[in-house]
Amino acid sequence: MAAPSSGPQQHFASLYVGDLNRDVTEAVLFEVFNPVGPVASIRVCRDAISRKSLGYAYVNFHNVSDAERALDTLNYQSIKGRSCRIMWSHRDPAMRKTGSGNIFVKNLDKSIDNKALYDTFSLFGNILSCKVSTDHEGNSRGYGFVHYETDEAATQAIEKVNNMQIGEKTVFVGLFQKRENRDRGDTKFTNVYVKNLVDGTTEEDVKKMFSPYGEITSMVVNTDSKNRISAFVNYAEYENAAKAVEELHEK
């Protein structure tokens, strides 16, 4: 995978290393990364009070070519029993905030992990980041995000992979919409995100609540590490989704 060809990320040779075992230290990462090329510095991010690892770190190389090689050869390598996730570090706020080249993938087979998602979508262009959303036990929630360097790569990925079977399921792939854009209603949507559901809410409860507004093509209910329940409800038609939002928001 080539290093990003343009933009502020090329002015430094810094990598973000995530999904780390909490026992991983700077010394452990140095042993992993320094053989690829001279490492300038390593910082494991820690809680300000407990000083325990937050599960991610930044590895800085002297040369971009070394960082590129580390990304190519070490991404998803097991470090202390966990597969790490490496991507370019974007310190420019504009780069972090833009939704350009960002796609959303849902209805993923639970067997699809970060590496499998990366392998599927890397065919279409340079990936800046790629992640399957998981619960507190590390189990897939059935959706993920892929951020490409260019809009063209994202568009091609949507055209080629949307409605394609990956594993045992047919996936939906579309452009990721930032919250403010979704709230403004600038684009038509069929997928409704539901949060603040009461304890004990089941898929059947959600179906009863949302099915009166139209045909539901897919639905998933999630419980996070704090036992908060949320759901994604996807309608066949935009009008049905819009009506459900209008009638049920803050109900």
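Suppose the filter is open to solvent by less than 10 Å² (accessible area, probe 1.4 Å) and within 30 Å of residue 168 (Cβ to Cβ); does residue 127 pass it?
Working: open to solvent by less than 10 Å² (accessible area, probe 1.4 Å): yes; within 30 Å of residue 168 (Cβ to Cβ): yes.
Criteria met by residue 127.
So, in the stretch 223-251, of the ones that are within 24 Å of the chain's Cα centre (by Cα) and either at pLDDT below 80 or of a type in the set (Lys, Arg) (or both), which residue ends up surrounded by the fewest Cβ atoms within 10 Å (Cβ to Cβ)?
226
Go over the candidates 69, 22 one by one and state the one that is open to solvent by 40 Å² or more (accessible area, probe 1.4 Å), more than 21 Å from the chain's Cα centre (by Cα) and on the phi < 0 side of the Ramachandran plot.
69
Could you check the stretch 39-57 and list, in sequence order, the residues that are in contact with a strand residue (DSSP E or B) (Cβ under 9 Å, 6 or more places away or on another chain) and surrounded by fewer than 12 Cβ atoms within 10 Å (Cβ to Cβ)?
Listed by number, the residues that qualify are 47, 52.
Could you pull out the residue among 245, 233, 206 that is touching a strand residue (DSSP E or B) at 6+ places or on another chain (Cβ under 7 Å), assigned to a helix (DSSP H, G or I) and in contact (Cβ under 8 Å) with a residue 40 or more places away in the chain?
It is 245.
For the stretch 168-180, what are the residues that are surrounded by 11 or more Cβ atoms within 10 Å (Cβ to Cβ) and modelled with pLDDT of 80 or more? Let's see the steps before the verdict.
If we filter the stretch 168-180 for residues that are surrounded by 11 or more Cβ atoms within 10 Å (Cβ to Cβ), which is where we start, we get 169-178.
If the condition is that a residue be surrounded by 11 or more Cβ atoms within 10 Å (Cβ to Cβ) and modelled with pLDDT of 80 or more, then 169, 170, 171, 172, 173, 174, 175 are the ones that fit.
If only one of 200, 214 is modelled with pLDDT of 80 or more, farther than 21 Å from residue 169 by Cα and exposed (fewer than 10 other Cβ atoms within 10 Å of the Cβ), which one is it?
Going through 200, 214 in turn, the sole match is 200.
Against the definition (farther than 20 Å from residue 128 by Cα and in a strand (DSSP E or B)), how does residue 24 come out, yes or no?
Spelling it out, it is not the case that residue 24 is farther than 20 Å from residue 128 by Cα and in a strand (DSSP E or B).
Any idea which of 128, 117 is of a type in the set (A, V, I, L, M, F, W, C) and part of a helix (DSSP H, G or I)?
117
Take residue 183 and tell me if it is in a helix (DSSP H, G or I), open to solvent by 50 Å² or more (accessible area, probe 1.4 Å) and modelled with pLDDT under 85. Talk me through it step by step, then tell me what you get.
Values: in a helix (DSSP H, G or I): yes; open to solvent by 50 Å² or more (accessible area, probe 1.4 Å): yes; modelled with pLDDT under 85: yes.
It is true that residue 183 is in a helix (DSSP H, G or I), open to solvent by 50 Å² or more (accessible area, probe 1.4 Å) and modelled with pLDDT under 85.
When the residues of the stretch 58-76 are filtered to those that are out of contact with any Lys or Arg (no Cβ under 6 Å at 6 or more places or on another chain) and part of a strand (DSSP E or B), which remaining residue is farthest from residue 19 (Cα to Cα)?
The extreme case among them is 61.
Looking at 48, 40, 57, 94 in this structure, which one is at pLDDT 90 or above, more than 28 Å from residue 167 (Cα to Cα) and out of contact with any His (no Cβ under 6 Å at 6 or more places or on another chain)?
Details: 48 fails: at pLDDT 90 or above; 40 fails: out of contact with any His (no Cβ under 6 Å at 6 or more places or on another chain); 94 fails: at pLDDT 90 or above.
Exactly one of 48, 40, 57, 94 is at pLDDT 90 or above, more than 28 Å from residue 167 (Cα to Cα) and out of contact with any His (no Cβ under 6 Å at 6 or more places or on another chain), namely 57.
The values are calculated or read from the model by the stated rules, or taken from the named source; none is laboratory data. These numbers were taken from a predicted model, which means no experiment stands behind them. Please note: Cβ atoms are built from the backbone with ideal geometry, for glycine as well, and neighbour counts cover all protein chains shown. All accessible areas refer to the heavy atoms of the entire protein, side chains included, with ligands and DNA or RNA removed. Shrake-Rupley method; radii C 1.70, N 1.55, O 1.52, S 1.80 Å.
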